[in-house]
Amino acid sequence: MNTELQSFIQKYDLLGCVQCGRCTGGCPVTVRTNLNVRRIVYDSINESMLEDLAKLPEIWDCTTCNTCAVRCPKGLKPVEVLIGLRNIMVESGIIQPTVRDALESVFREGNPWNKPKARRSDWMEGLEVKIAEPGKKVENLIFVCCTIAYDPKVQVIAKNLVKVLNKAGVDYGFIGDDEVCCGSEVYAMGELGEEGLFEMLVEDNTELFNSYEAERIVAISPHCYSVFKNQYPDLKAEVIHYTQLLKELLADNKLELKKELSQKIVFHDPCYLGKQNNIFDEPRYILSQIPGVELVEFDRSRERSLCCEGGGGKMWVESESRKERLAEIRVKDADELGATLLAVACPFCVLTFDDAIKAKGLEEKMRVAEITEILGEAVE
Amino acid sequence: MNSKPKIGVYVCHCGINISKTVDVDAVTEYASQLPGVKVARNYSYMCSDPGQLLIKEDIKKQGLNRVVVASCSPRMHELTFRKALAEAGLNPYYLEMANLREQCSWVHADREEATAKAKKIVASAVAKVRLLEPLEEKEVEVEPATLIIGGGIAGIQAALDIANAGYKVFLVEKTPSLGGKMSKLDKTFPTLDCSACILTPKMVDVASHPNIELMTYSQVEEVTGYVGNFQVKVRKKARFVDVDKCTGCGICGEECRLAGRIPNEFDEGMGKRGAIYLPFPQAVPAKYTIDPERCLFLTRGKCGKSPKCVDACPAGAIDFEQKDEIVEFKVGAIIVATGYDVFDATRKPEYGYGQYKNVLTALELERLVSASGPTGGQVVLGEGESAFVPKEIAFIQCVGSRDKSVGNEYCSRVCCMYTAKLAHLVKEKIPEANVRVYYMDVRAFGKGFEEFYDRVRREGVRYIRGNPSEAFKRGDKLVIKAEDTLTAKTLEDEVDLVVLSVGLEPRKDAREIIDLLRLSQSADKFYLEAHPKLAPVDTATDGVYLAGCAQGPKDIPDTVAQAKGAASSALILLSSGKVKVQAQVSSVDEATCRGCGYCVEICPYGAIELVTVNRFGHKVTVARVNEALCKGCGACAAGCLSGSIQQKSFKDSQILPQIAALGVKQ
Ligand SMILES: Cc1cc2nc3c(=O)[nH]c(=O)nc-3n(C[C@H](O)[C@H](O)[C@H](O)COP(=O)(O)OP(=O)(O)OC[C@H]3O[C@@H](n4cnc5c(N)ncnc54)[C@H](O)[C@@H]3O)c2cc1C
Ligand code: SF4
Ligand code: SF4
């Protein structure tokens, strides 16, 4: 027991913390929940407290936006401590049924949405989609994401991407029904033991990806992108985000945007794309290429983008707080800027902002759209 | 050549440092049996006077001609024992040290094994000492002059001290004026002296000192040679103003077509100047300079009908034909006093510096509170209609210091105190202002610092323990997002002005000096001193010393103290008039050298060159070592493909038997 807990201190470098408070100061959810990640880093040093800490409901308020880790001056990753505490709960089996169901669904069906594996490609119906074949060369191997594949609200993302890629004549291939969850949210929900589900996904997916002769793996969701990029050490192919690919196509004049779109667009930087992986310019470049578009900026943009609360397993955990959601603050800000279109590059952001726009009664004034959707309109 | 070796072996107990783990009696007994050993003894402290006396007596009475001291690292006491040999009339290079402490007793626990190892170490030293040759220590004359690079307070102080001691100083400053960062400060902590009042007299003294040759707007281009004999080349950049004629009246500055249009570096870009300018009123020398990158005439070849400065100057001092000038001179010592840069706050985008007008760096605030600054000492933000006096003011500590995420792990040592000072000054100017300081630790370690911190708190400056994570805009206000870690409450603090207490960083152009003088950098990228405690102003390059923030962040008192230290080190060198050069240098066997030049590339000190010699009527290229430059590192000897270059006292013929005696198979 003792040595295991000591490794908790070592694993998260808890003794390196100077208690400066930058993590909690930057944590976006503190305005609406009790989460104080600095306190948790501090208290976690006391091994006898770990189990009680793990039971605090606010441990599940963390969106794994990673702001705390980016801002920490001592190189700690406070968010990982929270995930470590979630792991204690997951191991002990005392977790919310929704979380349990999602994890079990990943184990059984390869997606957290309790949808049959065999129906993963249903969204392709009626589209001309190229499927990659193991052993065969393909320049861009596209990874769809469970949420995009199954959730009818965001399936348009993949559909539009197909449209754009076909138009540009790119060499690409989708995986099809063999595609399995990337594990990003599984990890965030604390399934991280050595024999755990996350490790299994990493191994299986690595084997699957490496069976293709792919030059690059193109992830559509920033969550998949980030986990492939940072937590899959053995991938043969380079990992990129689709905005990087689209920027390339536009810059090389392989894609022409003819249709005028007279909209005032504000781009929201998804945490997993911006803060965590420093992809800030590509989405803006793409939007700026659309004729007629007026691009405006949030005050809190790029490194200071305000988290939408879509990550960190939040799709399966309802927060107890009744205070205004961050996504609601965000759509209000967008409205103040006079934006008619809130552009994002992440399926979770689409879902959270869509709810927020409804909650704030702003449907008449603005809508949220993923970049692929906007491009899909512009390439017509 | 070598008479029959009569070796003395002296095993040291080093108190119990060695004897605790190594059986010194057994080692002594063993040594006495080794071939050529005449005497073997052990003693509690060989480095003590009686210890040395043992050696000297034996040399005289027993006719020893070689000595092995088996004690600590040669870095500690090799010189001590060499001196002892010399005093007894023996060539000091007939000494070999066997390191029984650092390489044996300190790193082992098992007494038996440690003793066995100690025996081997001694045997190997004995095997080598018999093969050593006598070496001669040479001396070279020292040029009685010093080059000082950088005219901040460090360079100024060092220059004055050396010049007052009667030696010549060449002081080279990159910008058009002396003064460095100190000249930008309003008051100085913790005493609140007016910075200009204490600095300006020193600047004036430098300019008028008969022993100081001041070269401002100049850069060192090349340094060759070695300790005592450096050859220096300096480029004096064209000012396009004849300094002998310029009276500093300033009419040109007012008349310039670009007057008030160019951000003034001295005011951190907040004030404006013309293309011809004096950086600040007390500048030394009080001579105008034309900015060649901005001047219309110099950039476009045309400025109206005729340049206004030319028309205006009553002294006829403007000279667009002026060219850079190269001056060369010799010095014995060099002091590097190039100072620091403040941390570039745009590297922490979360604080919105560069994006919001009311996020300032502390150095910018220094200019705002200064009577000579762009607002005449008023703390006002914005311009014209929108100008306002901030009432809610927050300082954020440790911006760019103690922060791994920007690669600066060190504490900048001055920000806590300058913040206390600035907070005090701001409160003095705006009594109704609410000033708070967001901090993670307050470091008030110097003389009078804690007392000053106490005073500032009691004056009403609030200290909130929590380092903010970001700043963003809400209406007219800036919101600071932080946690008060003492109450574990998160805050969104709305303020008018955010001041970033930026840390001190190595200069962006630090490489220039490194390449010029072969300096090293410590992990924090400041210039590396020879020893952090015992040689804090020396560098690995003999005759080159460090002063001020070039070596690491420090306040003015510490900068001045270090400058005085560097001056004193230079003076020791200059006043002794001579320097000993390394005796254990490399030398080339010209008969076998193939002139490939590999050693020339390897030598980190540039001590080897290729020369052409006449070998039996044929011109051949061979390597030659400049003994004054050679540091005896041996890199060339290890690299030479034909074994032609050998380091004295470390020749192959000497160290191979030494290695063999350790029982190593070859
Ligand atoms: C906001 C702020 C407030 C401060 N307040 C105080 C205070 O109240 N009290 C206090 O004790 N300390 C204070 N300090 C610290 C103080 O500024 C330093 O201790 C001091 O300036 C160090 O002097 P220096 O000569 O080493 O370096 P610098 O002042 O940086 O001077 C270096 C000089 O070298 C020149 N130079 C650089 N490179 C070259 C080159 N290659 N060739 C020729 N010349 C070159 C530069 O142009 C400059 O003139 C403050 C610092 C800051 C940032
Ligand atoms: S930011 Fe890092 S050092 Fe500061 S309190 Fe949080 S974990 Fe500790
Ligand atoms: S990851 Fe984001 S939400 Fe979670 S603790 Fe860190 S800052 Fe807060």
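No value in this document is a laboratory result; all are computed from the given coordinates. Quick caveat, the model's predicted, so the values are computed rather than measured. Backbone-built Cβ (ideal geometry, glycine too); neighbour counts: all protein chains shown.
Amide H contacts under 5 Å for B:LEU135: B:TYR93, restricted to partners 5 or more places along the chain or on a different chain, H placed in the peptide plane at 1.01 Å from N. Cα gyration tensor of chain A, axes a ≥ b ≥ c as square roots of the eigenvalues: rounded (a/c below 1.5), prolate (a/b > b/c) or oblate? Cα axes put chain A in the oblate bin. Annotation: peptides B:642-652, A:177-187, B:517-527, B:292-302, ranked by per-residue average of other Cβ atoms within 10 Å with the highest first, follow the order A:177-187, B:642-652, B:517-527, B:292-302. Result for chain A in a Gaussian network model with C-alpha springs under 10 Å: among A:ALA149, A:ALA345, A:ALA359, the largest mean-square fluctuation is at A:ALA359. Computed from backbone phi with θ = phi - 60° and the Karplus coefficients 6.51, -1.76 and 1.60, the 3J(HN,Hα) list for the stretch A:270-278 is x, 4, 6, 9, x, 3, 8, 10, 6 Hz; x is used for glycine and proline. Amide H to amide H, with H built 1.01 Å from N, A:TYR232 comes under 5 Å of no residue 5 or more places away or on another chain. Under the rule a/c < 1.5 gives rounded, and otherwise a/b versus b/c splits prolate from oblate, where does the stretch B:251-312 land using the Cα gyration tensor? Prolate is the answer for the stretch B:251-312, as a/c is 1.5 or above and a/b outweighs b/c. Here the extension length gained between B:LEU381 and B:ASN434 equals 17.5 nm, from 0.36 nm per residue of separation less the Cα-Cα distance. Each peptide in B:489-495, B:360-366, A:236-242 gets a packing score, the mean of other Cβ atoms within 10 Å over its residues, and the list from highest to lowest is B:360-366, A:236-242, B:489-495.
Residue separation of B:GLU492 and B:ASN626 scaled by 0.36 nm, minus their Cα-Cα distance, works out to 41.6 nm of gained length. Look at the alpha carbon pairs under 8 Å that are at least 6 residues apart: their mean separation over the length of the stretch A:34-128 gives a relative contact order of 19 percent. If you take the charge dipole of the protein assembly as shown about its Cα centre, with +1 on Lys and Arg Cβ and -1 on Asp and Glu Cβ, which of B:SER19, B:GLY400, A:GLY93 is farthest toward its positive end? About the Cα centre, the residue reaching furthest to the positive side is B:SER19. With a threshold of 24 Å on the Cα-Cα distance, the over-threshold entries among B:LYS184/B:LYS308; A:LYS229/A:LYS275; B:LYS38/B:LYS580 are B:LYS184/B:LYS308; B:LYS38/B:LYS580. The simple spin-label model puts a point 7 Å past each Cα toward its Cβ; for B:CYS596 and B:LYS323 those points are separated by 4.4 nm. Under the shape rule built on the C-alpha gyration tensor, where the axes satisfy a ≥ b ≥ c, the stretch B:99-191 is oblate, since a/c reaches at least 1.5 while a/b does not exceed b/c. Between A:LYS136, A:LYS159, A:LYS55, the Gaussian network model of chain A with springs among Cα atoms under 10 angstrom shows the greatest mean-square fluctuation at A:LYS136. Computed over chain B, relative contact order equals 13 percent, with contacts defined as Cα pairs under 8 Å that lie 6+ residues apart.
Taking the stretch B:360-429 as the region of interest, the number of lysine pairs whose Cα atoms are within less than 22 Å, with members eight or more places apart or on different chains, is 4.
Per residue of peptide A:62-75, the mean number of Cβ atoms on other chains within 10 Å of the residue Cβ is 3. Taking amide H positions as modeled 1.01 Å from N, with prolines and chain starts lacking one, the residues under 5 Å from A:ALA214 and 5 or more places away or on another chain are A:VAL138.
Its Cα centre serving as origin, the stretch B:121-271 has a Cβ charge dipole (Lys and Arg +1, Asp and Glu -1) of approximately 360 debye. Summing -39500 (n - 2.57) over the DSSP H runs of n ≥ 4 in the protein assembly as shown and dividing by its residue number, what mean residue ellipticity at 222 nm do you reach, to the nearest 500 deg cm²/dmol? Estimated from H runs of four or more residues: -9500 deg cm²/dmol.
Straight Cα distances below 19 angstrom link B:LYS447 to the aspartates and glutamates B:ASP193, B:ASP555, B:ASP558, with same-chain residues fewer than 8 positions distant left out. For the pair A:ASP52 and A:ASP252 in one chain, pulling the backbone fully straight at 0.36 nm per residue adds 66.4 nm over the alpha carbon distance.
Computed from phi, the 3J(HN,Hα) profile of the stretch B:487-496 under the Karplus parametrisation 6.51, -1.76, 1.60 (θ = phi - 60°) reads 10, 6, 9, 8, 10, 10, 9, 8, 9, 9 Hz, with x in place of Gly and Pro.
Inter-label distance, B:ARG75 to B:TYR45: 2.2 nm, where each label sits 7 Å from its Cα along the C-beta direction. Quotient of the Cα radius of gyration of the protein assembly as shown and 2.2 N^0.38 Å, N being its number of residues: 1.17. The alpha carbon radius of gyration of the stretch B:412-482, expressed as a multiple of 2.2 N^0.38 Å, is 1.19. With θ taken as phi - 60° and the Karplus curve 6.51 cos²θ - 1.76 cosθ + 1.60 applied, the whole-hertz 3J(HN,Hα) list for the stretch B:277-290 is 7, 10, x, 7, x, 8, 4, 10, x, 7, 10, 7, 9, 9 Hz, x standing for glycine and proline. Mean separation of Cα pairs under 8 Å and 6 or more residues apart, divided by the residue count, gives chain A a relative contact order of 17 percent. Placing dummy labels 7 Å off each Cα toward the beta-carbon, the span from B:ASN211 to A:GLU260 is 8.0 nm. Eigenvalues of the alpha-carbon gyration tensor of the stretch B:25-183, scaled by 5 and square-rooted, set the equivalent ellipsoid semi-axes at 48, 21, 13 angstrom, largest first. When chain A is treated as a GNM with alpha-carbon contacts under 10 Å, the residue of A:GLU91, A:GLU125, A:GLU363 showing the greatest mean-square fluctuation is A:GLU125.
The Cβ shell under 10 Å around B:ALA488 holds other residues with a net charge of +1, Lys and Arg each +1, Asp and Glu each -1.
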